[in-house]
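Visitor: Here it is, the structure in full.
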Amino acid sequence: MYKNKTFLAIIPARGGSKRLSRKNVRLLQDIPLLAHTIIASKKSKYVDQTLVSSDDVEILTIAQSYNADTIKRPEILARDTSTTFDAIKHAIDNSKKYDYIILLQATSPLRIHTHIDEAIELLFEKKAKGIISVCEMEHSPLWSNTLDNNKDMSLFLSKDIINQRSQDLDTFYRLNGAIYISSLKELLEQKSFFLTKSIYAYVMKKEDSIDIDEEFDFKIAELFLSTKKIVSK
């Protein structure tokens, strides 16, 4: 609870994964990937309940072993075509009502409780309805474009960009997938954490923004987590 408002953190974690098989239960620094997010949520000063939603028995068992509450997601809501909102709505409908909903994706293991608490504090500082975490982009999107089958680059960059130094370009930010917060009312009305107004960015460091989608991401996360352990000793 924060300023007399309550918070439900929902961690959706399907059993299936196309690019990285069983990633949510795979060990990262000796504990399942899912557990990193559960620990962060449970350590938060403000999160009132941590709820893991999954169709997978092993995932639910792991979540319970880390003292998270669980809800069995129907198979129809765990397909590749199912939306995150579908899973969130199912969890909301089957739990007690809270003032705010926090979506914490299990694929962001370097997001810790401090980030969650700071995002909640920012929510009230801005008098906002929603917060979404972002990080600075590694490279400016102005230096990118699509390529046709011929790989022709004659029009790859605009003339305004070609002779500019990267440090002179505007700073761009991207979603990092770590934290989404919305008031319950607005979330149910708009069916999205991307609210149409009164929504602000919580900026995280790039090194805390690893989003595990494939094997390369997993290796990078392992590297950063091992470095953090060395530094903290």
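Just so you know, all these numbers are worked out from the coordinates, no wet-lab data involved. Quantities reported herein were computed from a predicted structural model and do not represent experimental measurements. Using ideal geometry, Cβ is built from the backbone for each residue, glycine included, and neighbour counts are taken over all protein chains shown.
Visitor: If I ask for residues that are under 16 Å from Lys42 (Cβ atoms), in contact with a Lys or Arg (Cβ under 9 Å, 6 or more places away or on another chain) and surrounded by 15 or more Cβ atoms within 10 Å (Cβ to Cβ), which ones from the range 61-84 would you list? It would help to see each step written out before you state the result.
Guide: Pass one, the range 61-84, residues under 16 Å from Lys42 (Cβ atoms): 62-70.
Now drop any that are not in contact with a Lys or Arg (Cβ under 9 Å, 6 or more places away or on another chain), which leaves 66-68.
Passing the criteria: Tyr66, Ala68.
Visitor: Filter the range 132-167 for residues that are assigned to a helix (DSSP H, G or I), free of Cβ contacts under 8 Å to residues at least 12 places away in the same chain and under 33 Å from the mean Cα position of the chain (by Cα) and give the result. It would help to see each step written out before you state the result.
Guide: Of the range 132-167, the ones assigned to a helix (DSSP H, G or I) are 141-143, 159-162, 166-167.
In the following step, the residues that additionally are free of Cβ contacts under 8 Å to residues at least 12 places away in the same chain were identified as 159-160, 162, 167.
Gln167, the sole residue that qualifies.
Visitor: Can you report the number of residues in the range 40-56 which are part of a helix (DSSP H, G or I) and in contact with a strand residue (DSSP E or B) (Cβ under 6 Å, 6 or more places away or on another chain)? Step through it out loud before you land on a result.
Guide: So in the range 40-56, the residues part of a helix (DSSP H, G or I) come out as 40-43.
Those left that are additionally in contact with a strand residue (DSSP E or B) (Cβ under 6 Å, 6 or more places away or on another chain): 41-42.
The total comes to 2.
Visitor: Going through Leu188, Leu175 one at a time, which residue ends up being under 25 Å from Leu110 (Cβ atoms) and of a type outside the set (D, E, K, R)?
Guide: Details: Leu188 fails: under 25 Å from Leu110 (Cβ atoms).
That would be Leu175, the only listed residue that is under 25 Å from Leu110 (Cβ atoms) and of a type outside the set (D, E, K, R).
Visitor: So Lys127 passes all but one of these: (1) of a type outside the set (Phe, Trp, Tyr); (2) surrounded by 13 or more Cβ atoms within 10 Å (Cβ to Cβ); (3) over 25 Å from Ile11 (Cβ atoms); (4) touching a residue at least 40 places away in the same chain (Cβ under 8 Å). Which condition number does it fail?
Guide: That leaves (2) as the condition not met.
Visitor: Among helices (runs of 4 or more DSSP H) lying entirely in the range 57-131, which contain 3 or more residues that are within 27 Å of Tyr200 (Cβ to Cβ) and acidic (Asp, Glu)?
Guide: Where helices (runs of 4 or more DSSP H) fall fully within the range 57-131 and carry at least 3 residues being within 27 Å of Tyr200 (Cβ to Cβ) and acidic (Asp, Glu), they are 113-125.
Visitor: Can you tell me which residue in the range 177-213 is surrounded by the fewest Cβ atoms within 10 Å (Cβ to Cβ), limited to those that are of a type in the set (Lys, Arg) and out of contact with any strand residue (DSSP E or B) (no Cβ under 7 Å at 6 or more places or on another chain)?
Guide: So the first thing to find is which residues in the range 177-213 are of a type in the set (Lys, Arg), and the list is 185, 191, 197, 205-206.
Now narrow it down to the ones that are out of contact with any strand residue (DSSP E or B) (no Cβ under 7 Å at 6 or more places or on another chain): 185, 191, 197.
Numbers: Lys185: 11, Lys191: 13, Lys197: 9.
Looking at residues that are of a type in the set (Lys, Arg) and out of contact with any strand residue (DSSP E or B) (no Cβ under 7 Å at 6 or more places or on another chain), I get Lys197.
Visitor: Within the set of pairs 6+ apart or on separate chains, which have a first residue in the range 60-74 that is on the phi > 0 side of the Ramachandran plot and touching a residue at least 12 places away in the same chain (Cβ under 8 Å), a second that is assigned to a helix (DSSP H, G or I) and surrounded by fewer than 18 Cβ atoms within 10 Å (Cβ to Cβ), and C-beta atoms under 7 Å apart?
Guide: Asn67/Lys42
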